[in-house]
1. Might you check whether a residue that is surrounded by 14 or more Cβ atoms within 10 Å (Cβ to Cβ), under 15 Å from the mean Cα position of the chain (by Cα), β-branched (Val, Ile, Thr) and modelled with pLDDT of 95 or more occurs anywhere in the stretch 82-92?
2. If we scan the stretch 153-167, do we find a residue that is at pLDDT 95 or above, surrounded by fewer than 16 Cβ atoms within 10 Å (Cβ to Cβ) and closer than 19 Å to Val110 by Cα?
3. Could you check how many residues of the stretch 125-137 are touching a residue at least 60 places away in the same chain (Cβ under 8 Å) and either touching a helix residue (DSSP H, G or I) at 6+ places or on another chain (Cβ under 7 Å) or more than 17 Å from Thr84 (Cα to Cα) (or both)?
4. Return the residue satisfying two criteria in turn: it lies in the stretch 61-81 and is surrounded by fewer than 20 Cβ atoms within 10 Å (Cβ to Cβ) and among the aliphatic types (A, V, I, L, M), and of such residues it is nearest to the chain's Cα centre (by Cα).
5. Among the residues of the stretch 197-208, write down those that are in contact (Cβ under 8 Å) with a residue 24 or more places away in the chain and either surrounded by fewer than 16 Cβ atoms within 10 Å (Cβ to Cβ) or touching a helix residue (DSSP H, G or I) at 6+ places or on another chain (Cβ under 9 Å) (or both).
6. Do any strands (runs of 3 or more DSSP E) lying entirely in the stretch 45-124 carry at least 3 residues that are in contact with a Leu (Cβ under 8 Å, 6 or more places away or on another chain) and either within 27 Å of Ser201 (Cα to Cα) or touching a residue at least 60 places away in the same chain (Cβ under 8 Å) (or both), and which ones are they?
Amino acid sequence: MTRILSFAFIFVTAVVVAYFMYFRPEKDLPVYQPSELNPALVDPSAMRAEDHRILDFELINHLGDTVTLADVQGQILVVDFFFTRCATICPLMTKNLQRVHDRLDPSAPVQILSHSVTPAADSVSVLRAYADKHGANSDLWWFLTGTKSEIYSLARKSYFSCLDEGDGGLQDFVHTENIVLVDEKGRLRGFYDGTDSKAMSLLFNDLQFLLEKKSDKI
């Protein structure tokens, strides 16, 4: 009887191991298309896109450099929208992003892009002081300013990160806790609540997954 039980245990163990090694579906992250998102997040002009990639941009980072999509080509992006004078959700979002930043290898092909939604107030010097305050390594983290209309267009037509409607005009205002994960091909791979520690842990794990997949292709 003991011999039969031992055999049964070995057999079941072998089946379980085989399942996890050969049959369990490989983990992957979704590739989000506009039609799969909350319609309130998606600008109507982008709703029918079937292979959405983030849009090109021309902004200025906290170092005073003009940067475009070409400058982050092939990198994995972590994207948020904030402003330095925010006293509500932004400090917590920035603190959580700082934790992600601090856990990354400085040589990793990752760039955190924090867009100011009050670019008239958040000049290069203001953003530089803010970056220094949070110990941001510019190899991993840029704080960006530019024209309000372009930044707001990116939020609504590229990253689909805010529910607000508007055209980037004087009275328009974006305020969102959403942080967006973008793969090296410019595809949207995840949306996370930047004020929630569990969501940010998931973001870091998903980011590591994309890094591992990217390294496997090299």
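The values are calculated or read from the model by the stated rules, or taken from the named source; none is laboratory data. Remember, it's a predicted structure, so these values are computed and weren't measured experimentally. All Cβ positions, even for glycine, are placed from backbone atoms using ideal geometry, and neighbour counts span all protein chains on display.
1. No: the stretch 82-92 contains no residue that is surrounded by 14 or more Cβ atoms within 10 Å (Cβ to Cβ), under 15 Å from the mean Cα position of the chain (by Cα), β-branched (Val, Ile, Thr) and modelled with pLDDT of 95 or more.
2. no
3. Of the stretch 125-137, the ones touching a residue at least 60 places away in the same chain (Cβ under 8 Å) are 127-128, 130-131, 136.
Okay, now just the ones that are also either touching a helix residue (DSSP H, G or I) at 6+ places or on another chain (Cβ under 7 Å) or more than 17 Å from Thr84 (Cα to Cα) (or both), so 136.
Final tally of qualifying residues: 1.
4. Leu69
5. Within the stretch 197-208, the first condition is being in contact (Cβ under 8 Å) with a residue 24 or more places away in the chain, and the residues that meet it are 197, 200, 203-204, 206-207.
Answer for the stretch 197-208, where residues must be in contact (Cβ under 8 Å) with a residue 24 or more places away in the chain and either surrounded by fewer than 16 Cβ atoms within 10 Å (Cβ to Cβ) or touching a helix residue (DSSP H, G or I) at 6+ places or on another chain (Cβ under 9 Å) (or both): Ser197, Met200, Leu203, Phe204, Leu207.
6. Working: elements: 58-61, 66-68, 76-82, 110-116.
Because the criterion is at least 3 residues that are in contact with a Leu (Cβ under 8 Å, 6 or more places away or on another chain) and either within 27 Å of Ser201 (Cα to Cα) or touching a residue at least 60 places away in the same chain (Cβ under 8 Å) (or both), the strands (runs of 3 or more DSSP E) in the stretch 45-124 that meet it are 58-61, 76-82, 110-116.
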